[in-house]
Amino acid sequence: MSSLPVLVLNSGSSSIKFSVYESAHGDRSKLFEGAVDGIGTDLGKFWIKDAAGKKLVDQTPALPTRAVAFALVASALHSSDFPAPQAIGHRMVSGGPTVQENQRITPELIDEMESYTAFAPLHTPIAIYIMREALRLFPGIPNFVCLDTYFHRTMPEVAKHMPIPDEYTEMGVRRYGAHGVSYESIVYQLEPKVPEKLIVAHLGNGASISAIRNGQCLDTSMGLTPTGGIISGTRTGDIDPGVLLFILRKIAETTESATAAADQLEIVASKKAGLLGVSGLSNDMRDLREAIKTGNAKARLAVDKFTWTIAKWIGSFVAELGGLDMLVFTGGIGENDIASRAEICAGLGALGIVLDPARNNTRGEAVISAENSPVTVRVIPPAEDLMIVNHVIRLMGK
Ligand code: AMP
């Protein structure tokens with residue numbers, strides 16, 4: 001089989017990340033990756049680097065809109081400097097209750113997924129926009145959607161079901177989970193020796209944790225939307241519904257319509273809460289660690305709230321799994337924040353989780369548990385784009 005360049009598009013709220021992989025004879029290798037960052041700010045960046053890290057494009061363009069940003073990416077990828085993609089894989093957080101399988105994208109499928117924007121309100125609009133633009137700007141190239149919810153489809157009903165009246169359940173309100181492509185990629189990297197009882201903590205700006213049995217998702221912390229579960233950069237995580245009602249009523253006192261009040265509540269719960277809300281300073285762990293060094297008590301509380309919540313979830317997942325063989329940390333904080341890993345694991349000795357401080361004093365892939373720790377603790381960076389390429393190749397029947 002000849003080489004098959006696959007473009008992966010993975011968008012965030014103010015960035016579009018992409019990579020191109022070559023797939024030949026069952027081998028996948030990354031040819032290059034890039035991003036347009038800072039959309040809608042004065043700090044627009046556009047870069048592409050090859051697999052060896054050499055910068056091929058390094059610009060600071062004005063990026064007033066996502067249309068301008070994606071046009072830059074498409075035009076670079078159409079130039080003769082890069083191989084023409086023969087398939088495109090799109091990362092998508094949630095396609096709602098009716099789109100749960102990774103599949104080829106059609107205009108009708110995009111409309112269907114768009115109707116469930118409320119299930120991932122921060123992520124869906126830009127992903128939908130990019131899918132429509134990719135169909136238009138790369139005519140004739142097959143596009144495929146890879147859903148984060150796909151990995152979580154194996155959860156039992158007791159984990160998926162929300163304790164709400166049936167009429168809302170029938171509208172598709174249930175636990176879907178997120179970060180599924182990351183979890184899948186950790187399991188993929190552990191193959192063929194995937195431990196029976198595994199917990200993976202994906203700790204990035206968005207944070208979640210999953211209990212995985214024999215490679216299949218048993219439970220996960222995020223719920224209907226990525227706002228649920230663990231406290232993260234700007235999101236509440238799980239919270240007493242009474243708190244949301246209290247805030248909603250406060251907002252409603254000065255808001256004209258119920259929809260406007262709900263929109264404001266969404267901003268509070270998903271953009272102003274979490275580490276940012278508690279610290280009043282930043283959603284970025286590096287900033288918080290710096291502030292803690294200067295004695296900032298609110299930064300300390302925010303980070304304590306984060307690590308304490310994660311330790312509690314680990315405890316409940318050990319109970320659910322009936323024990324634990326391996327704990328994996330991944331995501332920007334999971335891979336890099338040595339102190340967070342130490343603080344999360346500090347009280348978990350009774351569960352057999354014992355870190356080796358010297359081994360933990362590292363960034364990137366490593367085994368960080370003590371020699372005699374009953375549970376192996378590892379750091380493994382996710383390989384999300386590779387996972388998407390694998391799905392695309394499978395769906396193309398290649
Ligand atoms: P992600 O969303 O996976 O890119 O992760 C972003 C989070 O990782 C932010 O909170 C960053 O502060 C955190 N992070 C990245 N690098 C480091 C580092 N060297 N030390 C501590 N936290 C880091």
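Read-outs: derived from the displayed coordinates by stated rules, not from any lab. In this text, all values refer to a predicted model and were calculated from it rather than measured experimentally. Because the Cβ atoms are built from the backbone with ideal geometry, glycine has one as well, and the counts that use them run over all protein chains shown.
So the values come out like this:
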item	result
Span-rule helices in the chain, defined as complete DSSP H runs reaching 30 Å or more along the axis (Cα) with Kyte mean at least 1.6	none
Farthest toward positive dipole pole in the chain [+1 Lys/Arg, -1 Asp/Glu at C-beta], among 110, 254, 355	355
Packing-based exposure ordering (other Cβ within 10 Å, fewest first) of 356, 304	304, 356
Evaluated at q = 0.12, 0.15, 0.17 Å⁻¹: base-10 log I(q)/I(0), Debye formula over Cα of segment 147-220	-0.34, -0.51, -0.64
Estimated translational D of segment 343-398 in µm²/s (Stokes, Kirkwood radius over Cα pairs; 4 °C; 1.567 mPa s)	97
Projected label distance in nm at residue 287 and residue 316, using a 7 Å step from Cα toward the beta-carbon	2.9
Alpha-carbon gyration tensor eigenvalues x 5, square-rooted, for segment 273-350, Å	25, 12, 11
Total formal charge among the other residues, if their Cβ is under 15 angstrom from that of residue 318, Lys/Arg +1 and Asp/Glu -1	-1
GNM result for the chain, Cα springs below 10 Å: residue of 185, 15, 316 fluctuating most strongly	316
Global size of segment 1-145 as Cα Rg and Dmax, reported in angstrom	15.2, 45
Choice from 250, 312, 272 showing the highest fluctuation, given a GNM over the chain with Cα pairs closer than 10 Å	250
Residue among 98, 149, 220 with the largest mean-square fluctuation in a Gaussian network model of the chain, springs linking Cα atoms under 10 Å	98
Estimated inter-spin distance, residue 263 and residue 244, nm [label 7 Å along Cα→Cβ]	1.9
Rg [Å, one decimal], Dmax [Å, integer] - the chain, C-alpha atoms	21.2, 65
Estimated FRET transfer efficiency (residue 41, residue 153; beta-carbon r; R0 45 Å; 0.05)	0.80
Cross-link table 49/398; 250/298; 197/272, entries beyond 30 Å C-alpha to C-alpha	197/272
Neighbourhood net charge (10 Å Cβ-Cβ; Lys/Arg +1, Asp/Glu -1) for residue 179	-3
Sequence of 175, 235 once ranked by neighbouring C-beta atoms within 10 Å, starting from the fewest	175, 235
Convex hull volume of segment 155-273 per residue (C-alpha atoms, cubic angstrom)	111
Centroid-to-centroid separation of segment 134-180 and segment 357-398 [C-alpha atoms, Å]	24
Contact order normalised by residue count of the chain, Cα under 8 Å, 6+ apart, percent	12
Cα-only radius of gyration and Dmax that characterise segment 287-398, units Å	16.6, 57
Simple Cβ-charge dipole of the chain, Lys/Arg +1 and Asp/Glu -1, about Cα centre, in debye nearest 20	680
Computed helical MRE - 222 nm, the chain, DSSP H runs ≥ 4 contributing -39500 (n - 2.57), nearest 500	-11000 deg cm²/dmol
Separation between Cα centres of segment 287-348 and segment 61-121, rounded to whole Å	33
